[in-house]
């Protein structure tokens with residue numbers, strides 16, 4: 001949904017979720033996302049913004 005909002009409504013680039021990593025393997029990129037997700041569920045989007053490079 002975030003990608004659709006960025007590309008369709010804001011004329012911005014889509015988020016590079018994988019960042020060059022294979023997300024099916026445990027790695028730094030996946031660990032960053034796993035840490036960001038619970039915080040965003042509590043309306044703290046700072047880690048998620050950092051994850052996507054915003």
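The values are calculated or read from the model by the stated rules, or taken from the named source; none is laboratory data. Because the structure is predicted, anything quoted here is derived from the model rather than measured. For neighbour counting, all protein chains shown are included, and Cβ atoms are generated from backbone atoms with ideal geometry for every residue, glycine included.
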A careful count of residues in segment 11-21 that are more than 14 Å from the chain's Cα centre (by Cα) and exposed (fewer than 10 other Cβ atoms within 10 Å of the Cβ) gives 1
Condition set at pLDDT below 80 and not in a helix (DSSP H, G or I), scope segment 28-54, selection surrounded by the fewest Cβ atoms within 10 Å (Cβ to Cβ): answer is 53
So, first residue closer than 15 Å to residue 52 by Cα in segment 1-14, second residue in a helix (DSSP H, G or I) and modelled with pLDDT under 75, Cβ within less than 9 Å, six or more apart or across chains; the pairs are 12/5; 12/6; 13/6; 14/2; 14/3; 14/4; 14/6
